[in-house]
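First the structure, in the form of structure tokens, and then the observations on it.
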Amino acid sequence: MIKRENYTLKYKTTRHEKAEKAARDRIQKSGIHILKTIGLKCFTMAKVAEHAEIAKGSLYRHFSSKEELLLSILDCYYEPLNQIIFDIYKKDIEPLEKIRQYLIASFKHCEYAPELFCELHGAFGQLTEIDLKTRRSTYWDVIRVIIKTLEDGIQSKQFRPLNAELTAYYLTDATEGSIVRRILTRCTHSPEEEIREIFALVENGISK
């Protein structure tokens, strides 16, 4: 039998945790709104607090700095892509085909909210120093899956010997750079054409 005082404490804790999560979610959504509507250059904690309709003190209780909030938004943005890529990795298909499917998933995900992607891509330069130290964001989860895929290809002798970590960075940079160019220049090439050409470069560069 659960003692009443323990039950009450557990209930209060659960309710507090739910309230904290709801507050963080509201702040993140407000941060995303600010990024999409007025951009990174005008992104301030004051504007986020105003849109979220909370005091700045409450905002700083959840996120100690603008950089921490931006990293949290970056996590939210990459989490769906991270799950898709992880699901592709678990498929019983060749490593090279996994790479091709990663490219398709990345293009689809990033073009779903192009304004937000461009702003976060710009923010990533500001966050690199922080994120490189911890590598805890979902962005790095995506990188780690690509590295593991490349290592699988090397181990199975489908790929030539290469530095899997550096190659994963190059592949990610090439993909995201291509997406940014597509969004900013309104180019007429289809995503399929871009994916085909990037994949051809990858295939010729890593296959034995």
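The values are calculated or read from the model by the stated rules, or taken from the named source; none is laboratory data. Quick caveat, the model's predicted, so the values are computed rather than measured. Cβ placement follows ideal geometry from the backbone for every residue including glycine, while neighbour counts extend to all protein chains displayed.
Being part of a helix (DSSP H, G or I), farther than 13 Å from residue 142 by Cα and of a type in the set (A, V, I, L, M, F, W, C) is the filter here, so list the residues in region 154-174 that pass it.
Residues satisfying the conditions are 154, 164, 166, 174.
So which residues in region 154-200 are among the aliphatic types (A, V, I, L, M) and at pLDDT below 85?
First pass over region 154-200, keeping only residues among the aliphatic types (A, V, I, L, M): 154, 162, 164, 166, 168, 171, 174, 179-180, 183-184, 195, 198, 200.
Across region 154-200, the qualifying residues are 179, 180, 183, 184.
Yes or no, residue by residue, for (1) surrounded by 14 or more Cβ atoms within 10 Å (Cβ to Cβ); (2) under 23 Å from residue 75 (Cβ atoms):
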residue	(1), (2)
142	yes, yes
146	yes, yes
152	yes, no
177	no, yes
189	no, no
206	yes, no
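Output the number of residues of region 2-15 satisfying the condition of being at pLDDT below 70 and either on the phi > 0 side of the Ramachandran plot or surrounded by 10 or more Cβ atoms within 10 Å (Cβ to Cβ) (or both).
To start, the set of residues in region 2-15 that are at pLDDT below 70 comprises 2-13.
Keeping just the survivors that are either on the phi > 0 side of the Ramachandran plot or surrounded by 10 or more Cβ atoms within 10 Å (Cβ to Cβ) (or both) gives 7-13.
So the answer is 7.
Any idea how many residues of region 65-83 are more than 22 Å from residue 102 (Cβ to Cβ) and of a type outside the set (Val, Ile, Thr)?
Pass one, region 65-83, residues more than 22 Å from residue 102 (Cβ to Cβ): 65-73.
Then drop every residue that is not of a type outside the set (Val, Ile, Thr), which leaves 65-72.
Total satisfying the criteria: 8.
From the list 84, 93, which residue is surrounded by 14 or more Cβ atoms within 10 Å (Cβ to Cβ), of a type outside the set (Lys, Arg) and assigned by TED's automatic domain parsing to the domain that holds residue 144? Show your work before the answer.
Values: 93 fails: surrounded by 14 or more Cβ atoms within 10 Å (Cβ to Cβ).
Result: 84 is the single residue among 84, 93 that is surrounded by 14 or more Cβ atoms within 10 Å (Cβ to Cβ), of a type outside the set (Lys, Arg) and assigned by TED's automatic domain parsing to the domain that holds residue 144.
Residue 73 is checked against (1) surrounded by 13 or more Cβ atoms within 10 Å (Cβ to Cβ); (2) among the β-branched types (Val, Ile, Thr); (3) closer than 30 Å to residue 156 by Cβ and fails just one. What number does that condition carry?
Unmet condition: (3).
Give the number of residues within region 48-91 that are closer than 26 Å to residue 176 by Cβ and either in contact with an Asp or Glu (Cβ under 7 Å, 6 or more places away or on another chain) or assigned to a helix (DSSP H, G or I) (or both).
Qualifying residue count for the region: 25.
Can you name the number of the only condition in (1) exposed (fewer than 11 other Cβ atoms within 10 Å of the Cβ); (2) modelled with pLDDT of 85 or more that residue 67 fails?
It is condition (1) that residue 67 fails.
Restricting the search to region 96-131, which residues are at pLDDT 80 or above and either farther than 13 Å from residue 179 by Cα or not assigned by TED's automatic domain parsing to the domain that holds residue 201 (or both)?
Result: 96, 97, 98, 99, 100, 101, 102.
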